[in-house]
Each structure stands twice: as C-alpha cells, then as structure tokens.
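Below: one structure, written as structure tokens.
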Amino acid sequence: MFLSVFDMFKVGIGPSSSHTMGPMVAAARFLDLMRASPFHFHGLTASLHGSLAFTGVGHATDRATVLGLAGFAPDTYDAEKAETAFARIRDIKTVEVPGLPPLQFDPLKDLHFDFGPALPGHANGMILKATDAQGDVILQETYYSIGGGFVLTAGEMAEAGGKRSKARADVPFPFETAAEMLQMAHASGLSIAQMKRQNELRFRTGTEIDAGIARLWQVMNDCIDRGMKGTGILPGGLKVRRRAKGIHDALMAERGLNLTPPHTINDWMSLYAMAVNEENAAGGQVVTAPTNGAAGVVPAVIRYYLDHVPGASQAKVADFLLTAAAIGGLCKHNASISGAECGCQAEVGSAAAMGAAGLAAVLGGTPEQVENAAEIALEHHLGMTCDPVKGLVQVPCIERNGLGAIKAVSAASLSLRGDGQHLVSLDACIETMRQTGQDMHEKYKETSLGGLAVNVPNC
C-alpha cells in the first residue's frame, strides 16, 4: 500500500478539504469528462447530498462547486480572480471554460441541496449533470469527497471494494498495517521516513521530493505567520474573533520574564495551531494535514520542534513529514480521515497521531517508539464527534487543533520514555476508530445536527 506524502499533504484553500477542496476537484474532473465526450452540451446542474448538503453553506461547498465548474483548482487558487468569476456567473448565469461551449448555469436554480438520505457510497456525495439544449441529461457522474481533498467517482468507490485510499502497491515497502511497517523496518534496518522516501523515489526523483516537501513546509509555516498577524472577525455569522495575534503578542511580551510558568509552552503550541485554523476559517491557503479541519496540528508540532526544542534542525522537517504521511496513510487506508464518515477522531485524531509520530522520529525514536507515539495520540481522541456550530470550521475546530497539538507532543514524549513495547497497537487503535465511526450517530458526523451545534446559539 502506498499513499504519497503529496497525497496526504496537499496545498489548498479553506475552510474544508472535504467540503471545499473536494467539490472543487470533483467539478474539475467533470469538466474533463465533458471535454472527452462527443456530446454537445448546453447546461449544467449539481446536487449536494449528505454532509455536503447539511453543512455545505458553512463550508462554502456551493461556492467551491461553482468555482470548480468555472475551472478553478485548489492548488492554483487565486482569490481575486475567483471573486470576479463567481460574480460574473451569478450575473450572466453562464459558465465559460476553455474547451467547452458556454454552459447555462444559475447557481440559485441549478445547484441543489438535497437534505434527504446520504448517497450510498459516502456521507459526502454530489451528482453533476450536463444537459443538452432541450434540458435533457446527457452526461452524469456521482462523486464522493472522502476527506483530505480526495475524490472518487461512484465507479471508483465500487472498484476499490470499500477501501477509501486508491493506494498503489508497486513500491519497495508496501505496508498496509503498522505491524507490517514495523516488520519491514526491522528487516531492512531503515527508519519509517527512509522507507517512505524509498517508496516516493518509485515515482519522483530525490530532487523533486525534496523540493515538494520544502514547499509544503513553506506553505504551512507561512500560514502560521499570517495567522499570528491576522485580526478581525471570521466570516460566517458566528462573530468569532481571531485570537492568535493577541495570544502571540502576549506571549512575546512575557518572554524572558522569570514569572512565566512552564506550562506556557502549551500556549505556544495552541497558538501555532490556532493561527493555521483561523486562516483556514477565513478561506486562506493551507495544507491538508491530513484535512483542512485538522490542518493546524502537524504544522504546530513542527514549529514547536523548530522554535522550542534545543538542537532542532530544519533538515529534519522532511523526515517529520515523511513519517507523518506514513501514519496518515495507515489511518486513511484502514479507517478514515473524514469527519463526515468517522467524526473528528478521524480528523484531529489522525492529525495528532501523525504529529506525534513525526516528532518522535525527529527526536531519535525507534520505529517502535514512533508507532507507540501515534497510538497514544490517536487512542486519546477515540470517540470524538464532529459537531461544528453553524456548519463552520470554527467552533470547536480552531481550539481543538491546539489541544490536538498538545496531545501529539505529550504522546511523543511519553513514547520516548519507553522502549516501544505497549499493550494497544496502532492497528488496534485504527480499527477501533473505524468501528466507533461506523457506530456513531450521523448527527455527530459533520452534519451540525447534534452536540455543540445544537446547544450553542448560531448567532
């Protein structure tokens, strides 16, 4: 099994990888399908189902779908051009993209929110249709946004046999479980990062890998810096104030004071994570890690390592991200990273496991200690629901990333105090997450129909 580090970590836009990036990617794929078709098209319609319908407005799913049909993509997104294009489509009720004729599309009439039962393949489903001059549907495809910006058609979902990963196995170390990962590490004498890099070399040169990882960290780090400077109220109607700048200013003012208590380090970790997730909530550029809703955890742990751990080395960031990607791949392949499928345990829980593993690795942990770190972090997120207030990736999501980062660092530290032997395996923990998500009531899985979403005023 192989999922690239560039699959797990993708440059995109907020506020959601499954609800914003995924629909945009799906729309782009549908345009390609239309370009390859012999039919002459006249119009478009789209319908959002399951969680995409229930929390779509708060996650800007409708806007992302429209912009995807207008040719925009998450990794090259230009906010100014997108705003202009979106306004034009609303005015002229037509989509104009290269390689296709002008297509009638009125976002208010041709984009539907279906609040009935979810589509059978996944909680995040959407159906895109192309019509002829008479309004008859002549091309149709169902897409599932399965978390982290990954998108599968209904056919691809069926072909995968229930697996969500579309993983490749033609690599030197095709581990599908943590147990296999540890066996291969023992047999080869390589670290998890080294095995992951050998797998990546099957598809890219070393120079391409290094450049790609460097860009990922640059985008992550820039996001932290922007978030620590941002001010004002986050969009969406909850009137949530951006807090990262105030926290950063206070922490900087306290630096060097003998009265600063040791636990203040937790505030730094929370700050870094919250800065990212405030940027995400504002629709800024982030890196899925493994999702947008959990995008703050991994960058926060890396920034903590670089800025606060004696002897930290920028050169080790690649090993951190390669190790984290290996753990994230196991979570995705054997359970889920989608809040709409398994709750927030699958998002922040997986992110914390990835962050803990990466930190343990760069602090010199053995593969067994790295696996233990991931297990500790994930175990203590089991059962966590996804209940965003008003469908926005703000409450409780922003603070939750901060606590996820703290748990990740604590898990790594605990694992390094031991020898890697422990009772609950990472595989058992991931399987428990899958079962728990399967049993979890739908209202607690990114529908905003339960939990905090119904017990906190939405205005």
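No lab work stands behind these numbers, since they all come straight from the coordinates. Quick caveat: nothing in here was measured; it's all calculated off a predicted structure. Heads up, the Cβs are rebuilt from the backbone with ideal geometry, glycines too, and the neighbour counts pull from every protein chain shown.
Computed quantities for the displayed model
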quantity	calculated
Aspartates and glutamates with Cα under 19 Å of Lys10, excluding same-chain neighbours fewer than 8 positions away	Asp75, Asp78, Glu200, Glu208, Asp210, Asp222, Asp225, Glu278, Glu279, Asp319, Glu347
For segment 14-159, with +1 on Lys and Arg beta carbons and -1 on Asp and Glu, the positive-most of Ile146, Ile92, Ala118 along the dipole	Ile92
Extension gain, Phe115 back to Glu159 (0.36 nm per residue minus Cα-Cα distance, nm)	13.1 nm
Residue order, fewest to most surrounding Cβ atoms within 10 angstrom, among Ile224, Ile146, Ile265, Ile89	Ile265, Ile89, Ile224, Ile146
Relative exposure of Val298, Val389, judged by other C-beta atoms within 10 Å (fewest first)	Val389, Val298
Farthest positive-ward along segment 14-159 dipole, Cα basis, beta-carbon charges - from Thr55, His40, Tyr77	Thr55
Gained length - Asp32 relative to Asp75, 0.36 nm times residue gap less alpha-carbon distance	13.8 nm
Relative contact order (percent, whole number), segment 348-452, Cα cutoff 8 Å, 6+ residue spacing	39
Amide H within-cut-off set for Thr94, under 5 Å, with H built and near neighbours excluded	Phe105
Selection from Leu306, His422, Met21, by position along the positive dipole direction of the chain (Cβ)	Leu306
Under 27 Å between alpha carbons - lysine pairs in segment 178-455 that sit 8 or more apart or on different chains	24
Loop-resident sites, segment 1-92, for chymotrypsin sites (Phe, Trp or Tyr not before Pro), counting at most 14 other Cβ within 10 Å (DSSP)	Phe39
Under 14 Å from Lys129, Cα to Cα: aspartates and glutamates that are on another chain or at least 8 residues apart	Asp32, Asp106, Asp110, Glu141
Least to most buried among Val95, Val171, Val137 (fewest other Cβ within 10 Å first)	Val137, Val171, Val95
Segment 118-223: chymotrypsin sites (Phe, Trp or Tyr not before Pro) falling in loop per DSSP and having at most 14 other Cβ within 10 Å	Phe203
Cα gyration tensor, segment 211-307 - rounded (a/c under 1.5), prolate or oblate	oblate
Chymotrypsin sites (Phe, Trp or Tyr not before Pro) within segment 264-356, DSSP loop, no more than 15 other Cβ atoms inside 10 Å	none
Rounded FRET efficiency, nearest 0.05, which uses the C-beta distance separating Glu83 from Ala315 and R0 of 35 Å	0.30
Ratio Rg/Rh [Cα only; Rh per Kirkwood] for segment 14-159	0.93
Cβ-placed point charges (K, R +1; D, E -1), dipole of the chain about Cα centre in debye, nearest 20	720
Under DSSP loop assignment and at most 10 Cβ neighbours within 10 Å, longest trypsin sites (Lys or Arg not before Pro)-free interval of the chain	1-238
Mean Cα-pair separation over length for the chain, i.e. relative contact order, pairs under 8 Å, 6 or more apart, %	19
Segment Lys239-Asn258, extension gain: residue separation times 0.36 nm, minus the distance between their alpha carbons	3.2 nm
